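A short write-up of the structure that comes next.
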Amino acid sequence: MAEYDFKIEYKPAYSLLKINLKNQSIIAERGAMVYMSPNITIDTKMSGGLVGALKRAIVGEGVFLNKFSGTGILALSPNYVGDIIHHELNGTLYLQSGAYLASSPNINIDTKFGGIKTYFGGKGIFLIKLEGKGDVFLSSFGALETVELNDETLIVDNGNLVGFTGGLSYSLKRIGGLKSTLLGGEGLVYEFRGTGKVYIQTRNMESFVDFLMKYLPIKEDK
């Protein structure tokens, strides 16, 4: 049973999470608040102290998180166009950078190395690791699909992965050869095995940025 009285409106493209706090607290990503009742208080802090904040910076998340407390309506949304879903956590959940929106205060937020280093740039890929029991709200770029695996295997493009439950085994690898990576637009993929849930977004942020770059004016040197 969900800890919060909430509803998600304007799905699936411009989703808005409305939570009716009843003398409760919730942790949310910095900048996620759209509006709130005047008697709700905000406490900005480093998640997990200095070490935890540095780990979040490595993942690409903000160093600070906001804790909202009190009684009233709190509306939250992600920074980009997409959907929001609720996950009732009882164990471990891994998320890609940018997918975390909010969670119960008792849930521990950490980071985990997600797999091999990328072939280009040598930057390690890290995941957000959530552990505990309570409510978690995820956000996606585009619509969000939930795939439930029952002792099965699934391959997901790294840019389309939102998150997955801790019971799944996974590996991060390059799909195809170097030629297909350079010319075919495919690169790193996650391969999941076992039983659990995989959350997938229908749009890829990096691919979208590449698409926009074609239409941006090029500055000419004088």
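Read-outs: derived from the displayed coordinates by stated rules, not from any lab. If you're wondering where the values come from, they're calculated on a predicted model, not measured in any experiment. Don't worry about glycine lacking a Cβ; one is built from the backbone with ideal geometry, like all the others, and counts go over all protein chains shown.
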State which entries of Lys45/Lys67; Lys7/Lys133; Lys18/Lys45; Lys7/Lys45; Lys133/Lys197 exceed 18 angstrom in Cα-Cα distance in the structure shown. Lys7/Lys133; Lys18/Lys45; Lys7/Lys45
Long-range amide H contacts for Val162: which residues qualify at under 5 Å (H placed 1.01 Å from N, peptide plane, sequence gap of 5 or more or a different chain)? Tyr199, Ile200, Gln201
Going residue by residue through segment 74-85, the Karplus relation 6.51 cos²θ - 1.76 cosθ + 1.60 with θ = phi - 60° gives ³J(HN,Hα) values, rounded to whole Hz and with x marking Gly or Pro, of 10, 10, 10, 8, x, 7, 10, 6, x, 10, 10, 10
Placing each pseudo-label 7 Å from Cα in the direction of the beta carbon, Ser37 and Phe113 end up separated by a distance in nanometres of 4.7 nm
By how many nm would the segment from Lys18 to Thr153 lengthen if fully extended, with 0.36 nm per residue of separation less the alpha-carbon distance? 45.1 nm
